[in-house]
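What follows is a short report on a single structure.
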Amino acid sequence: MSGQDPILSINNIEVKYHEVILVLKGVSIEVPRGGIVALLGANGAGKSTTLKAVSGLLKHEDGGVTDGSIEFMGKRIDRLGADKIAKMGVVQVIEGRRVFEHLTVEQNLKVGAHLRRDGKSVKEGLEMVYHYFPRLREKRTEISGFVSGGEQQMTVVGRALMTNPKLILLDEPSMGLAPLLIHEIFNIVTRLNQEENISILLVEQNAKLALSVAPYAYVMENGRIVMADTADTLRENPDIKDFYLGLTDVGGRKSFRDVKHYKRRKRWLA
Ligand SMILES: Nc1ncnc2c1ncn2[C@@H]1O[C@H](COP(=O)(O)OP(=O)(O)OP(=O)(O)O)[C@@H](O)[C@H]1O
Ligand SMILES: [Mg+2]
């Protein structure tokens, strides 16, 4: 993307786990200031690894950026620890809506508050979260392990919001949720972007959903970016339609490449 003045710039990074398992092989992604960018890809493509490389959480899994660089607001962050990166205004919402199950919803939110970058009070933070997630206000004294999946997802996004972030790395917020709830959460994400000017890098397997909120997207396959374009263009791309949007029937969908190969084979046989 030609993005002028990106808030996040991932430059040709290589990532390895345990110094030997090569997972990302030259990935470059830009998120413009105030933008929403989607990162699409099948299981195991390396989407979560990309987000962890940015947030610094990779280091907690014995992973590392072994080549390339990552810049946030013009500053190099790929060698910084996760706490430093968080203090700069980057927060990752990890996949699987990990609440602290034994704590109440509000206690979960307060966990995010210790990373607040500015002097705003915890109370102000909570008010902001409850403004966007009125359901959480209703559930604030309930044990988070017992609220619904959608409310847990709201809780983890709310907790991220409590850090007063400039950039949210959002990993598969739709996973396992009912369509109505997904719709509600994505609406709120869009509002956070528009009203609070929070930039968002959104990882999703549900391409239709992601392309409905992100004007620009990258497609990742096996640790590489195989496509990057506007949502409008990607929606019309036949390979994307086949594999990610499920608009046509191509049988077994093992990978994005298989779809392309399948189509080529079919053309050749025809
Ligand atoms: N801690 C780890 N140690 C070793 N290998 C890992 C580790 N975490 C992930 N991997 C490997 O890295 C690859 C990419 O995983 P990643 O979780 O980034 O994919 P993903 O695109 O997020 O997939 P999904 O859609 O299933 O969440 C996979 O092959 C995975 O097995
Ligand atoms: Mg993942």
List pairs: first in the stretch 3-24 and of a type in the set (S, T, N, Q), second part of a strand (DSSP E or B), Cβ under 6 Å, 6+ apart or cross-chain?
SER9/GLU30; SER9/GLU71; ASN11/SER28; ASN11/GLY68; ASN11/SER69; ASN12/GLY26; ASN12/SER28; ASN12/GLY68
Can you tell me which residues in the stretch 40-90 are of a type in the set (A, V, I, L, M, F, W, C) and within 16 Å of ligand 2 (Cβ to nearest atom)?
LEU40, ALA42, ALA45, LEU51, ALA53, VAL54, LEU57, LEU58
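Just need a number here: residues in the stretch 202-224 that are outside any helix (DSSP H, G or I), surrounded by fewer than 21 Cβ atoms within 10 Å (Cβ to Cβ) and in contact (Cβ under 8 Å) with a residue 40 or more places away in the chain. Spell out how you get there, then give the answer.
Within the stretch 202-224, the subset outside any helix (DSSP H, G or I) is 202-206, 214-224.
Keeping just the survivors that are surrounded by fewer than 21 Cβ atoms within 10 Å (Cβ to Cβ) gives 205-206, 215, 221-224.
From the residues that got through so far, the ones that are in contact (Cβ under 8 Å) with a residue 40 or more places away in the chain too are 205, 215, 221-224.
Adding up the residues that qualify gives 6.
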Within the stretch 96-104, does at least one residue satisfy the condition of being within 20 Å of the chain's Cα centre (by Cα) and acidic (Asp, Glu)?
no
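For the stretch 190-200, does any single residue satisfy the condition of being in a helix (DSSP H, G or I), hydroxyl-bearing (Ser, Thr, Tyr) and modelled with pLDDT under 95? So that I can check it myself, show each step before the final result.
Of all residues in the stretch 190-200, those in a helix (DSSP H, G or I) come to 190-196.
Of the ones still in play, those that are also hydroxyl-bearing (Ser, Thr, Tyr) are 190.
If we keep only those that are modelled with pLDDT under 95 as well, we get none.
There is no residue in the stretch 190-200 that is in a helix (DSSP H, G or I), hydroxyl-bearing (Ser, Thr, Tyr) and modelled with pLDDT under 95.
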Scanning the stretch 45-59 for residues that are more than 9 Å from ligand 1 (Cβ to nearest atom) and not aliphatic (A, V, I, L, M) gives SER55, GLY56, LYS59
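The values are calculated or read from the model by the stated rules, or taken from the named source; none is laboratory data. Treat the numbers as computed from the prediction; the structure is a model and nothing was measured. Methodologically, a virtual Cβ is constructed for each residue, glycine included, from the backbone with ideal geometry; neighbour enumeration extends over all protein chains shown.
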